[in-house]
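Accompanying notes for the structure given below.
The values are calculated or read from the model by the stated rules, or taken from the named source; none is laboratory data. Not measured: the values here are computed from a predicted model. Cβ placement follows ideal geometry from the backbone for every residue including glycine, while neighbour counts extend to all protein chains displayed.
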Amino acid sequence: MPELESAAPLDTAAARPASLTELFTAFSLLALQGFGGVLAVAQRELCDRHQWLTPREFVELLSTAQVLPGPNVCNLSLMIGDRFFGWRGALVALAGMITAPLILMLGLAWLLGEASQVQQLQGLIRGALSGIAAVAAGQIVGTVLKLSAPMRQHELGWPTALSLSALALVMMIWLRWPLVWVLLGLGGATCVFTYTVLRRRRQVASAKETS
Amino acid sequence: MSQAAPPLLMSPFMWAPEVWWSLFGHFIALSLMSIGGAITLVSDMHRRLVVNDHLLSNGDFTAAIALAQAAPGPNVLFVGLFGWYAGGLGGALISMLGIMIPSTTLALAVARWVSTRRHWLSVQAFQAGMMPVTVGLLLATGWVLAPPLATQPRALLLSVVVAVLVWRTKIRLIWLIAAGALLGALGLV
């Protein structure tokens, strides 16, 4: 069947990175500011400070980045780098996002490992890390609750969308299904279902236009 | 996840090619399933690395995620820390390569394809259809990481309070991490 398309006006950003070096530095700096999540910092830096993207472009790239495998901020950096400098830009932006934070974190892990040789410090670090672990679990749940807000406007209606989320949770936690079953099985079925719903809606809309 | 402590005997420059290959195999296999970020795969990684292969202790596993959450940068870096705890510097690098290469290649190819076809119905159906599933998988991740009620009720309470604060307020996440570290170091959670 033919794909339905619609034209959208393209808005363009005010600026672009001058060089691969500038791209690398910008992504390194924003990644290093991203405690507990890079996305908010990325939006502020890329749209407001550098003005390499309009907010609308940012959201469009992010929506694609989120459904692809891989960390969404890494996918986002790939796409932005690719847009300005092709595949070299993609690699440079991704390298900027990962290199400095990785070095910092491995250094930190090493220090913690060394410090844990000292008896007095061990209890403190152990305690601090278990406190941080509790916070980390809470942060994930809180972020999911935030992310679930767009489901109120979901194409399938929010009760259906919410039930599907609950079903995915049950499959993972209680049924202990491997992730790939949930992704391919439930995810695949949901996508096909959404497609039929959207198609029916478009057909109704175009029937109204022609009548 | 009661003990979140760094391992006591580990050299950063350890030579462990067998461990490295094992890590590489696990992460390259998981990479293309990481829709919603590598963090959605935590329960699956726990099963593979801790329960089945004993590459990591339960404590290392939780500590790696806690540290990655505390440190700046993309969350995916916790995969590098798994590699670090299991196989030193080489383990860290090879784990990052494993988790990144497949998803990066696919992301770049698909992003180019989608950018010219984003008004297609099938593209929109995929984007909308995956959303509830991703939310459910992320909740499962939080569930696995949450401290157990039986042994750590106060830590679980902290998790719940943090979840509500992150959801409802714009509080800087780093303050929450700092508070968690302080409460933990004082032995209160």
Q | Output for the stretch B:47-87, where each listed residue is at positive phi and small (Gly, Ala, Ser) | A | B:Gly73
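Among the listed residues A:Val73, A:Val38, which satisfies the condition of being modelled with pLDDT under 80, at the interface with chain B (Cβ under 7 Å from one of its Cβ atoms) and surrounded by 21 or more Cβ atoms within 10 Å (Cβ to Cβ)? Walk me through how you get there before you give the answer.
Working: A:Val73 fails: modelled with pLDDT under 80.
The match here is A:Val38.
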Q.
I'm checking my understanding of the structure. Among residues of the stretch A:46-70 that are in contact with a helix residue (DSSP H, G or I) (Cβ under 7 Å, 6 or more places away or on another chain) and modelled with pLDDT of 90 or more, which one is farthest from the other protein chains (Cβ to nearest Cβ)?
A. A:His50
Q.
I want to confirm something. Restricting to the stretch B:124-170 and keeping residues that are more than 7 Å from every other protein chain (Cβ to nearest Cβ) and closer than 22 Å to A:Met171 by Cβ, which single residue is surrounded by the fewest Cβ atoms within 10 Å (Cβ to Cβ)?
A. B:Pro148
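Scan the stretch B:76-98 residue by residue and report those that are assigned to a helix (DSSP H, G or I), facing chain A (nearest Cβ under 8 Å) and under 15 Å from the mean Cα position of the chain (by Cα).
Step one: filter the stretch B:76-98 for residues assigned to a helix (DSSP H, G or I), giving B:77-98.
Still in the running and facing chain A (nearest Cβ under 8 Å): B:77, B:80-81, B:84-85, B:89, B:92, B:96.
Across the stretch B:76-98, the qualifying residues are B:Leu77, B:Gly80, B:Leu81, B:Trp84, B:Tyr85, B:Ala92, B:Met96.
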Q | Complete set of residues in the stretch A:168-181 that are surrounded by 15 or more Cβ atoms within 10 Å (Cβ to Cβ), among the aliphatic types (A, V, I, L, M) and more than 7 Å from every other protein chain (Cβ to nearest Cβ) | A | A:Met171
Q | B:Ala71 being among the small types (Gly, Ala, Ser) and without any contact (Cβ under 8 Å) to a residue 12 or more places away in the chain | A | yes
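Has the stretch A:154-163 got at least one residue that is acidic (Asp, Glu) and buried (at least 16 other Cβ atoms within 10 Å of the Cβ)?
At the first step, the residues of the stretch A:154-163 found to be acidic (Asp, Glu) are A:155.
Restricting the remaining residues to those that are buried (at least 16 other Cβ atoms within 10 Å of the Cβ) gives A:155.
Looking through the stretch A:154-163, at least one residue is acidic (Asp, Glu) and buried (at least 16 other Cβ atoms within 10 Å of the Cβ).
For the structure I just gave you, tell me whether B:Leu121 is touching a Lys or Arg at 6+ places or on another chain (Cβ under 8 Å), over 16 Å from A:Ala134 (Cβ atoms) and facing chain A (nearest Cβ under 7 Å).
On the way: touching a Lys or Arg at 6+ places or on another chain (Cβ under 8 Å): yes; over 16 Å from A:Ala134 (Cβ atoms): yes; facing chain A (nearest Cβ under 7 Å): yes.
Considered against the rule, which asks whether it is touching a Lys or Arg at 6+ places or on another chain (Cβ under 8 Å), over 16 Å from A:Ala134 (Cβ atoms) and facing chain A (nearest Cβ under 7 Å), B:Leu121 comes out as yes.
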(Q) Being more than 13 Å from B:Leu89 (Cα to Cα) and within 9 Å of chain B (Cβ to nearest Cβ) is the filter here; which residues of the stretch A:88-103 pass it? (A) A:Ala90, A:Leu91, A:Leu94, A:Met97, A:Ile98, A:Ala100, A:Pro101
Q: Keeping to the stretch A:65-107, report how many residues are touching a residue at least 24 places away in the same chain (Cβ under 8 Å), farther than 14 Å from B:Val114 by Cα and within 10 Å of the chain's Cα centre (by Cα).
A: 3
Q. Which residues, taken from the stretch B:40-73, are closer than 22 Å to B:Gln127 by Cα and at the interface with another protein chain (Cβ under 7 Å from one of its Cβ atoms)?
A. B:Leu41
Q | A:Leu183 being out of contact with any strand residue (DSSP E or B) (no Cβ under 7 Å at 6 or more places or on another chain), of a type outside the set (Gly, Ala, Ser) and either free of Cβ contacts under 8 Å to residues at least 24 places away in the same chain or outside the structural domain of A:Val38 (by TED's automatic domain parsing) (or both) | A | no
Q | Unique residue being within 19 Å of B:Phe61 (Cα to Cα) and among the β-branched types (Val, Ile, Thr) when the list is A:Ile132, A:Ile98 | A | A:Ile132
Q: Go through (1) within 28 Å of B:Met130 (Cα to Cα); (2) out of contact with any Asp or Glu (no Cβ under 7 Å at 6 or more places or on another chain); (3) of a type outside the set (Val, Ile, Thr); (4) part of a helix (DSSP H, G or I) one by one and return the number of the condition A:Leu175 breaks.
A: (4)
Q. Which residues, counting only those in the stretch B:29-39, are part of a helix (DSSP H, G or I), over 27 Å from A:Arg126 (Cα atoms) and either small (Gly, Ala, Ser) or more than 12 Å from chain A (Cβ to nearest Cβ) (or both)?
A. B:Ala29, B:Ser31
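Quick check: is even one residue across the stretch A:199-207 crowded, with 16+ Cβ neighbours inside 10 Å, at pLDDT 90 or above, over 12 Å from B:Gly136 (Cβ atoms) and facing chain B (nearest Cβ under 8 Å)?
Going through the stretch A:199-207, the residues crowded, with 16+ Cβ neighbours inside 10 Å turn out to be none.
Within the stretch A:199-207, none of the residues are crowded, with 16+ Cβ neighbours inside 10 Å, at pLDDT 90 or above, over 12 Å from B:Gly136 (Cβ atoms) and facing chain B (nearest Cβ under 8 Å).
Condition check ((1) free of Cβ contacts under 8 Å to residues at least 12 places away in the same chain; (2) out of contact with any Lys or Arg (no Cβ under 7 Å at 6 or more places or on another chain); (3) of a type in the set (Ser, Thr, Tyr); (4) closer than 30 Å to A:Leu61 by Cα) across all residues:
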position: B:Ala140; (1), (2), (3), (4): no, yes, no, yes
position: B:Ala150; (1), (2), (3), (4): yes, yes, no, no
position: B:Val164; (1), (2), (3), (4): yes, yes, no, yes
position: B:Ile171; (1), (2), (3), (4): yes, yes, no, yes
position: B:Leu183; (1), (2), (3), (4): no, yes, no, no
